[in-house]
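Below is one structure, written out as structure tokens, with a few remarks after it.
The values are calculated or read from the model by the stated rules, or taken from the named source; none is laboratory data. Quick caveat, the model's predicted, so the values are computed rather than measured. Neighbour counts are summed over all protein chains in view; Cβ atoms, including those assigned to glycine, are modelled from backbone coordinates with ideal geometry.
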Amino acid sequence: MNRNLNEVVFVAGHRGMVGSAIVRRLQALGYTRVLTAGRDQLDLLDQAAVQGFFAGNGVQQVYMAAARVGGIHANNTYPADFIYENLMVEANIIQAAHVHGVQRLLFLGSSCIYPKHAEQPMREDALMTGVLEPTNEPYAIAKIAGIKLCESYNRQHGRDYRSVMPTNLYGPHDNYHPENSHVIPALLQRFHAATQRGDAEVVIWGSGSPMREFLHVDDMAAACVHVMELEAETYQANTQPMLSHINVGTGVDCSIRELAETLVRVTGFKGQLVFDATKPDGTPRKLLDVSRLKALGWQASIGLEDGLRDAYEWFVANVEQARK
């Protein structure tokens, strides 16, 4: 394990769901110099500003959790923004890290890097073997570029820049935007509202049969730190120079129906579930192969129902309270 609790660790994107979880994890482990910067302090799209930030803060490790993210609607509406902003942020940070002598960096990607029709469960070597899902192709291309930036700096400059690809994440600080939220926050707030009103039913789009994998963000943060702290020899022995990314997930999926039934228990909803099979189901299954990560000594520990209860408690205490 490569851990120095006194190193200056920059967490880019610390106000987001993943970045805030990484900060919590690092602080819980005893890291004493966790460095963060909000948008009002540092514009990650400004190359000169990023270079100046690295020059002035003695950064020694970087967790790259900063990204422009959103659901299908946002990806379809703002494709140019998604590809431009994500490319710029990752290029600015990775280049600045290299210029200022940062040897260790962890880039966070997304499972959407894999082809639309990738064999299930999706292994790391499925990357760039087929056509991407059209609705989030610009975002996926940017994330693939981030992986290849890390690999290229490793190959040309001997850096130790690593990449992890998470499955669907949820938990504290999730996005509860009414149009751009993902499936868990979208359903969670709908069940909460239905429970508060005493509704007789909640209607869910699709048949309920599609299978999805969900990972609590605190597990994701623990996996990130685990991968970052691996000795270089261990990491390199389990990856390849041009296929270096690691999937992060539970290795277990559930149907949308099972997810909804779990949310019924978590929120205390007393009505009926109605599945509208006239609406599209989307991809039948999306599951990551996490054997590479397990071989490196880590696996998820937070069960779905326990994780959803934690997410619901945070939602009620923070989002709902703020809306009142």
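Can you find, within region 141-188, the residue that is farthest from ALA21 (Cα to Cα) among those that are hydroxyl-bearing (Ser, Thr, Tyr) and touching a His at 6+ places or on another chain (Cβ under 8 Å)?
TYR153
Please work out which residue is surrounded by the most Cβ atoms within 10 Å (Cβ to Cβ), limiting yourself to region 160-200 and to residues that are basic (Lys, Arg) and touching a strand residue (DSSP E or B) at 6+ places or on another chain (Cβ under 7 Å). Don't jump to the end; show me each part of the working.
Applying the first criterion (basic (Lys, Arg)) to region 160-200 yields 162, 190, 197.
Checking which are touching a strand residue (DSSP E or B) at 6+ places or on another chain (Cβ under 7 Å) leaves us with 162, 190.
Values: ARG162: 24, ARG190: 18.
Only one residue fits best here, namely ARG162.
Would you confirm, using the coordinates I've provided, whether TRP314 is over 25 Å from ARG123 (Cα atoms) and of a type in the set (A, V, I, L, M, F, W, C)?
Judged against the criteria, TRP314 is a match.
Within the set of pairs 6+ apart or on separate chains, which have a first residue in region 304-324 that is at pLDDT below 95, a second that is charged (D, E, K, R), and C-beta atoms under 9 Å apart?
Partner pairs satisfying both residue conditions: VAL319/ASP174.
Looking only at region 207-248, filter to residues that are in a helix (DSSP H, G or I) and of a type in the set (D, E, K, R); which one of those is surrounded by the fewest Cβ atoms within 10 Å (Cβ to Cβ)?
Residue satisfying both the conditions and the ranking: GLU233.
Starting from residues that are among the hydroxyl-bearing types (Ser, Thr, Tyr) and more than 30 Å from HIS226 (Cβ to Cβ), keep the ones in region 54-87 and report whichever is modelled with the highest pLDDT.
Checking each candidate, the answer is TYR84.
What number of residues within region 265-305 are part of a helix (DSSP H, G or I) and closer than 30 Å to ASN136 by Cα? Steps first, answer last, please.
Restricting attention to region 265-305, the residues satisfying the condition of being part of a helix (DSSP H, G or I) are 265-267, 291-295, 304-305.
Retained after the next criterion (residues that are closer than 30 Å to ASN136 by Cα): 291-294, 304-305.
Matching residues across region 265-305 total 6.
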